[in-house]
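Presented below is the structure to which this report refers.
The values are calculated or read from the model by the stated rules, or taken from the named source; none is laboratory data. Because the structure is predicted, anything quoted here is derived from the model rather than measured. When we count neighbours, we look across all protein chains shown, and the Cβ atoms used for this are built from the backbone with ideal geometry, even at glycine. Side chains are part of the model used for accessible areas, which takes the heavy atoms of the whole protein and leaves out ligands, DNA and RNA. Shrake-Rupley method; radii C 1.70, N 1.55, O 1.52, S 1.80 Å.
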Amino acid sequence: MASTIASRRLFHEYKLLTSSPPDGITAGPVSEDDIFLWEALIQGPDGTPFEGGIFPAELKFPKDYPLNPPTMRFLGEVWHPNVYPSGLVCISILHAPGDDPHHYEKASERWSPIQSVEKILISVMSMLAEPNDESPANIEAAKMWRERRSEFEKTVRDGVKRSLGM
Amino acid sequence: MPDQQQTLSVPSLLLLAAFAAITIRYFFFTKPSTSSLRTNSRAANPADVEQIATMFPQIGRREIIWDLQRNGGSVNATTERILGRGSLDPPPPSFQPIIPPGATPSTANTNPAQLKSKHIDLITRYNLGSKISSPLSTPSEGSGPSGSPGVSQTQAWSSNKNERQALLKRRREEMILNARRKLEEMERGRLQQDG
């Protein structure tokens, strides 16, 4: 029962995201046979070192979506303080309302059923532009971002070029 | 009177001593003996240690093994503790587990130089090699999956499952190819400036 609600809701979100996609975002199920696994492409925000890059990510939804949030993992290289070396994205909107592992997140920023895939992807896009220094998932990237900004930007730009095969 | 007092206090003293012995034994020996039993019988699973070390490269393997052994090998409990407190308890100096020889130093995982070889690029991932050199196309002038020209972005949704899948695939490819073309142009522009 719960999983039919989840698949209906996901299908609805897929439709919305397809008919009026937000700027720089393409997302949908890898195959409609499994609506709980999506792949998204996020464009690097302009005016940041991520500009011009396209970042593929995988979203895995729980069977009780939208009660619980999906997990999101970048499939390519993303050198960013809030992205684990494994690609896993650490951002408040992906944390269930009950758990607040870092004790700094406002309830309104965390996951709730009124949020959506679109909001997650937009939040991740703005996270790329503005890293959150309070909860680094990649310590090395966070340190570099804080202390050697130009090196950080160069690392990111080189990654963008590599990811586009140049 | 004094005689009677003495006879009374001897058994009560014995009783007290026995009680004290049991209490002391209970408090001081039961806990350590069970926990040491657990520590010995439950060596941390190397795969679990690696998994946590990959997730939290800032945490040393010694701390991870120590924590896993103390909580009975629960990856979840250790992960929760790291997420909640940002660190783990330092193990006592006497705790020297055998760290697998393959284990890399914790920072190596996050080295940007290492990331280079780990990922395949988007052109390879989405199999776009043949399409890179094709002329620039804007989304509106691209052709539909069935070959019909003029499928614009507003018609992105189809009631047919296979068509939807094809449309999504095309949107992905366009996004990547456009990014690649822009980057190529930018590189060309920069080379001209330099030259």
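For the range A:1-81, compute Rg over Rh where Rg is the Cα radius of gyration and Rh is the Kirkwood radius from the inverse mean 1/r over Cα pairs.
Here the Rg-to-Rh quotient is 1.02.
Can you tell me the FRET efficiency between B:Lys161 and A:Asp64 if r is taken as the Cβ-Cβ distance and R0 is 30 Å, rounded to the nearest 0.05?
0.75
By how many degrees, between 0 and 90 and to the nearest 10, does the Cα long axis of helix A:149-163 differ from the longest principal axis of chain A?
60
List, by residue number, every residue in the range A:73-92 with a reduction of 10 Å² or greater in accessible area between the chain on its own and the complete protein assembly, 1.4 Å probe.
For the range A:73-92, once contacts with the other chains are taken into account, A:Leu75, A:Gly76, A:Glu77, A:Trp79, A:Tyr84, A:Pro85, A:Ser86 lose 10 Å² or more.
Distance from the Cα centre of the range A:112-146 to that of the range A:23-55, in angstrom?
Rounded to whole Å, the Cα centres lie 15 Å apart.
Can you give the angle from 0 to 90° between the axis of helix A:117-129 and the longest principal axis of chain A, with both taken from C-alpha atoms, to the nearest 10?
10
Tell me the net charge near A:Gly47. Cut-off is 12 Å between Cβ atoms, A:Gly47 excluded, with +1 for each Lys or Arg and -1 for each Asp or Glu. Please list the in-between numbers first.
Numbers: positive: none; negative: A:Asp46, A:Glu51, A:Glu130, A:Glu153.
So the surrounding residues net to -4.
Sorted from largest down, give the three principal axis spans of the alpha carbons of chain A, whole angstrom values.
51, 38, 24
How crowded by other chains is A:157-165, given as the mean number of beta carbons from other chains within 10 Å of each beta carbon?
On the way: counts 0, 3, 4, 2, 4, 6, 10, 13, 12.
Per-residue shielding by partner chains comes out at 6.
How many nm separate the modelled label positions at B:Ala21 and B:Arg62, each set 7 Å beyond the Cα in the direction of the Cβ?
If labels sit at B:Ala21 and B:Arg62, their model points lie 4.2 nm apart.
If I model a spin label at A:Lys119 and B:Ser133 as a point 7 Å from the Cα along the Cα→Cβ vector, what separation in nanometres do I get?
Between A:Lys119 and B:Ser133, the label points sit 4.8 nm apart.
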